[in-house]
Amino acid sequence: MRALDLPDENRPTADPYGYLRSLPNVSTSLDIARHRPALAFLNSITPTNATCEDIHPLFQQAQWVNLSCENYLRLLPALKVATQLTRQASSLSFHNHVLHGELKYLKEKRTYYLAPSAYEATKTAHLMTTETLNTTLPRYLRLQFDELDEDGFQFDAMTYFGTGASVSEIIYCPRIQLHTHHLYALRHVVDHGSRYDQEAIFLRIAIALCHELAHAVWHHRSSIENPPS
Ligand SMILES: [Zn+2]
């Protein structure tokens, strides 16, 4: 995902929140919640009712690299939204398909796609998907905030796949990076923003995390099929 293109003078510098003034009205993101009843639960998630225990193992504090306790607490409502999105039946069946769909080649478009497989409808496949999301992936996946400005591009978030060595094997260690502008925005709206501003940034961070998670899940599958050497 690309971040908004901001003129240089509005990029975070001495006044880290200055660029927020140039953002379009963030409350417009709330139209999503208003118009889609399935997302209406987001309205009940506020900083006051998010607790550490409710966070999905993928997003818990131990997963974050170099994140202060203070910033983790600010992030909690966004992580709670990401948790609820990840636990939706539709997300689970999406990840189940990513992990167990059948890879087929589409000649006309010269590209691969994932066709539904008989296996993905089974109970075993669903159990494996839950196990992957709740246990296996949290062991390797790490999350961090980073400056993601490269060659004139600003990416909102990305995932990279380094390798690490465990006791007996070389393993992939995916890392989800979120642009630090999310952290600036979060600090600003938690201290100065309206509830609508806060919900918009929480939703934006949650969506970025869930988007990147899909890359990590797909990569998890390909790393099993083609282990690093
Ligand atoms: Zn992507």
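The numbers here are math on the coordinates, done by the rules we state, and not lab data. Here the structure is a predicted model, which means the values were calculated and not measured. With ideal geometry, Cβ positions are generated from the backbone for all residues, glycine too; neighbour counts draw on all protein chains shown.
The ranking of LEU213, LEU137, LEU203 from fewest to most other beta carbons within 10 Å of each one's beta carbon is LEU137, LEU203, LEU213.
Residues SER68, SER91, ranked from the fewest to the most other C-beta atoms within 10 Å, line up as SER68, SER91.
Which of rounded, prolate or oblate describes segment 96-164 when judged by the alpha-carbon gyration tensor and an a/c cut-off of 1.5? Kindly include the intermediate steps, with their values, before the conclusion.
Details: a/c = 3.31, a/b = 1.33, b/c = 2.49.
Oblate, because a/c is 1.5 or more while a/b does not exceed b/c.
Backbone phi angles across segment 130-135, fed through the Karplus curve with coefficients 6.51, -1.76 and 1.60 (θ = phi - 60°), yield HN-Hα couplings of 4, 4, 4, 6, 8, 10 Hz in residue order; Gly and Pro are listed as x. In order along segment 70-81, the Karplus-derived 3J(HN,Hα) couplings, from 6.51 cos²θ - 1.76 cosθ + 1.60 at θ = phi - 60°, round to 4, 5, 4, 5, 5, 6, 3, x, 5, 5, 5, 5 Hz, and Gly and Pro are given as x. Computed packing ranks the peptides 205-212, 106-113 as 205-212, 106-113, most packed first, by mean other Cβ atoms within 10 Å. Amide H contacts of GLU102: ALA115, SER117, each under 5 Å away and 5 or more positions distant or on a separate chain (H built 1.01 Å from N in the peptide plane; Pro and chain starts excluded).
Amide H contacts of ASP156: ARG2, ALA3, each under 5 Å away and 5 or more positions distant or on a separate chain (H built 1.01 Å from N in the peptide plane; Pro and chain starts excluded).
The string of couplings for segment 178-187 from the Karplus curve (6.51, -1.76, 1.60, θ = phi - 60°) is 10, 5, 4, 4, 4, 5, 4, 4, 4, 4 Hz, one whole number per residue in order, with x for Gly and Pro. When VAL190, VAL217, VAL65 are arranged by Cβ crowding within 10 Å, least crowded first, meaning fewest neighbours, the order is VAL65, VAL190, VAL217.
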